[in-house]
Amino acid sequence: VAERRDRENMSANGLAVGFGKKHVVTQRAVPVKPSRSKGRKSEQSTLVRSLVREVVGFAPYEKRCLEMLRNDFDKKALKYAKKRLGTHFRAKKKREELQEIIRARRVAAAKKEAKDRKDAKEKK
């Protein structure tokens, strides 16, 4: 087995016999297939989705899930999302998305509160 591995790692020398017996070729630079970029989020689609989310808001089931997550009913929110979305994987993804939104809102609220406190101190 080790000999075979060594033979595979040998470079071609153009000879018909011996360990390096292989035809000498130059490696081609193979272009990247378009299928390799499938599933990657583009900047444009991300921007459009965020804009739509901002304008349209949340679906009723998403609002209910947000409320459950705010009250620490993570499992219940997952089960509810699974019922609405059909699969466990989609439900987990949605729950993570909503939890990220809650986190971002808390950070924004904390920043605003800190700014308000700073403004209040400066006025005094």
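Normalised by the number of residues in the chain, the mean separation of alpha-carbon contacts (under 8 Å, six or more apart) gives a relative contact order of 11 percent. In the full protein context, the chain carries 93 Å² of accessible surface per residue, based on a 1.4 Å probe and ignoring ligands, DNA and RNA. Computed packing ranks the peptides 33-40, 114-121 as 114-121, 33-40, most packed first, by mean other Cβ atoms within 10 Å.
Which entries in Lys41/Lys93; Lys63/Lys83; Lys41/Lys63; Lys76/Lys111 show an alpha-carbon gap greater than 19 Å? Checking Cα-Cα distances, Lys41/Lys63; Lys76/Lys111 exceed 19 Å.
The computed semi-axes √(5λ) of the Cα gyration tensor in Å for the structure shown corresponds, within [x] 30, 14, 11; [y] 57, 24, 17; [z] 22, 20, 16, to [y]. Which angle between 0 and 90 degrees, to the nearest 10, do you get for helix 60-70 versus the longest principal axis of the chain when only C-alpha atoms count? Rounded to the nearest ten degrees, it is 80. Between the Cα long axis of helix 74-85 and the first principal axis of the chain there is an angle of about 70°, rounded to the nearest 10.
Ligands, DNA and RNA left out, the accessible area of the stretch 62-101 computed with a 1.4 Å probe is 49% carbon and sulfur. Relative to the longest principal axis of the chain, what angle (0 to 90°, nearest 10) does the C-alpha long axis of helix 43-56 take? Roughly 20 degrees, rounded to the nearest 10. Each Lys and Arg Cβ is given +1 and each Asp and Glu Cβ -1; about its Cα centre, the chain then shows a dipole of about 460 debye.
The values are calculated or read from the model by the stated rules, or taken from the named source; none is laboratory data. The model shown is predicted, which means the values in this text are computed figures rather than measured ones. Positions of Cβ are backbone-derived with ideal geometry, glycine not excepted, and every protein chain shown enters the neighbour counts. Heads up: the accessible areas ignore ligands, DNA and RNA and are worked out on the full protein's heavy atoms, side chains in. Shrake-Rupley method; radii C 1.70, N 1.55, O 1.52, S 1.80 Å.
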